[in-house]
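Below: the structure, in structure tokens.
The numbers here are math on the coordinates, done by the rules we state, and not lab data. Quick caveat, the model's predicted, so the values are computed rather than measured. Cβ atoms come from the backbone with ideal geometry, glycine included; neighbour counts cover every protein chain shown.
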Amino acid sequence: MQNDSTELQGGLELIKKTIESLEYWSARDLMSHLGYSTWESFRTAINRAQESCQQAEQSVEDHFRDVTKMVILGSGSQRAIEDLLLTRYACYLIAQNGDPRKPQIAAAQNYFAIQTRRQEIWEQRAVENKRLEERDKLRDTEKKIERTVYQRGITQSIEFATFKNKHIEALYGGINTPDLKRKRGIPKGRALADFDTDVELKAKNFALGMTDHNIRTNNLTGRDKLEREVVANSSATRDALLARGIIPEKLKPEEDVKKIERRRSKEQKAIETGLNQALDKPIKE
């Protein structure tokens, strides 16, 4: 049974097609691998899968793409037949809605469930990686502009905190940092940016980067001029976001980047521990 399952899973990989990193399966190719001998009976499973897709509030067209396929008849002539291009998620739904009496269905359910979960994890890690990268960039920009303004009239910690708050108010339509933290349920002692979306992180980095550039290029000095400059650039960045339908203060907070960093650190330690144990394990001859 294990060999049959492994063989089926290998077959599912063989019929998988990829275009520009997008994976898909032909429903006609998939049909026989799931134990169906006629298109009519397999189409019933597809229809149920499409209903499940709708119930999950997913776009059927995004996962089940209608196409035609040319087949060669015995006479040598060709005929167009109905086919569908299926995403991994669509294949998973078909397996879930297939005939449970078929042993191929059970094996396919396991295969596509695992692969779909792997894809979800990969996509989530990609999103997290983007946020971690943007957060690091913003930290660097904040350190840079702090050094810049310190040399030009803002020398007290409270003054720099006010300077940053002017930036936040201009970017978020007049909402100051404490109020924005309360609105988003962020602890007082935590950095607002640790809960930002990647769009907010980029916007802040852009506004502060422009401010730092203009302060140095135009040789601006004095607290008032520095604050006016950061407000002008943050307001311009807000206008750009609004023009694209993004309202910063209405964005929902993301998972704490500190939590993500701790999770990644634990994962790395677990990997290193596993490698060390494998290396320390004596080889049997």
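If the chain between Arg125 and Arg223 were fully stretched, how many nm would it gain, using 0.36 nm times the residue separation less the Cα-Cα distance? Walk me through the numbers on the way to the answer.
Working: separation 98, 0.36 × 98 = 35.28 nm, distance 4.13 nm.
Extra length available between Arg125 and Arg223 comes to 31.1 nm.
Pairs to check: Lys137/Lys225; Lys204/Lys250; Lys144/Lys166; Lys144/Lys266. Give those whose C-alpha atoms are more than 20 Å from each other in this structure. Could the numbers behind the result be given before it?
On the way: Lys137/Lys225 25 Å; Lys204/Lys250 16 Å; Lys144/Lys166 17 Å; Lys144/Lys266 31 Å.
In this structure, Lys137/Lys225; Lys144/Lys266 lie more than 20 Å apart at Cα.
Residue separation times 0.36 nm, minus the C-alpha to C-alpha distance between Asn176 and Ile15: what's the value?
Residue separation times 0.36 nm, minus the Cα-Cα distance, leaves 52.4 nm.
Nearest 500 deg cm²/dmol is fine: what mean residue ellipticity at 222 nm does the chain get from its DSSP H runs of n ≥ 4 alone, each adding -39,500 (n - 2.57), divided by its residue count?
When only DSSP H runs of four or more count, the value is -22000 deg cm²/dmol.
Charges at C-beta only: +1 for Lys and Arg, -1 for Asp and Glu. How large is the resulting dipole of the range 38-102 about its Cα centre, in Debye rounded to 20?
300 debye
Can you tell me which of Leu242, Leu171, Leu208 moves the most in a GNM of the chain? Springs connect C-alpha atoms under 10 Å apart.
Taking springs between Cα atoms under 10 Å, the residue moving most is Leu242.
Which label marks the calculated value of volume of the Cα convex hull per residue in Å³, given the options [x] 192; [y] 249; [z] 133?
It is the one labelled [y].
Suppose every K and R has +1 on its Cβ and every D and E has -1 on its Cβ; what is the size of the dipole of the chain about the Cα centre, in Debye to the nearest 20?
Approximately 1040 debye in magnitude.
Decide, for the range 17-64, between rounded, prolate and oblate: order the square roots of the alpha carbon gyration tensor eigenvalues as a ≥ b ≥ c, take rounded if a/c falls under 1.5, and otherwise choose prolate if a/b is larger than b/c, else oblate.
The shape class here is oblate.
Mind checking which of Glu249, Glu120, Glu82 has the largest fluctuation in a GNM of the chain, springs on alpha carbons under 10 Å?
Glu82
Quick one: work out Rg over Rh on the C-alpha atoms of the range 2-112, Rh as Kirkwood radius. Don't skip to the end; give the middle numbers.
On the way: Rg = 14.1 Å, Rh = 14.5 Å.
That ratio is 0.97, to two decimals.
Taking the dipole about the Cα centre of the chain, with the C-beta of Lys and Arg at +1 and of Asp and Glu at -1, give me whichever of Trp122, Gln109, Pro178 is farthest to the positive side.
With unit charges placed on the Cβ atoms, the residue in question is Pro178.
Report the one residue of Thr68, Ser37, Ala95 whose Cα lies farthest in the direction of the positive end of the charge dipole of the range 2-112 (charges on C-beta: Lys and Arg +1, Asp and Glu -1; origin at the Cα centre).
Ser37
Hey, got the dipole for the range 88-129? About the Cα centre, +1 on K and R Cβ, -1 on D and E Cβ, debye to the nearest 20?
160 debye
Sorting check: for 88-99, 189-200, 227-238, 252-263, which peptide has the highest mean count of neighbouring beta carbons within 10 Å, and how do the rest follow?
Result, highest mean Cβ count within 10 Å first: 88-99, 227-238, 189-200, 252-263.
Nearest 0.05, what FRET efficiency do Asn165 and Ser265 give at R0 = 25 Å with Cβ-Cβ as r? Don't jump to the answer; show the numbers that get you there.
Details: r = 31 Å, r/R0 = 1.26.
After rounding, the FRET efficiency stands at 0.20.
What FRET efficiency do you get for Asp239 and His213 if R0 is 22 Å and r is their Cβ-Cβ distance, rounded to the nearest 0.05?
With a Förster radius of 22 Å, E is 0.75.
Set Lys and Arg Cβ to +1 and Asp and Glu Cβ to -1, take the dipole of the chain about its Cα centre, and tell me which of Ile158, Cys53, Ala243 lies farthest positive.
Of the options given, the answer is Ile158.
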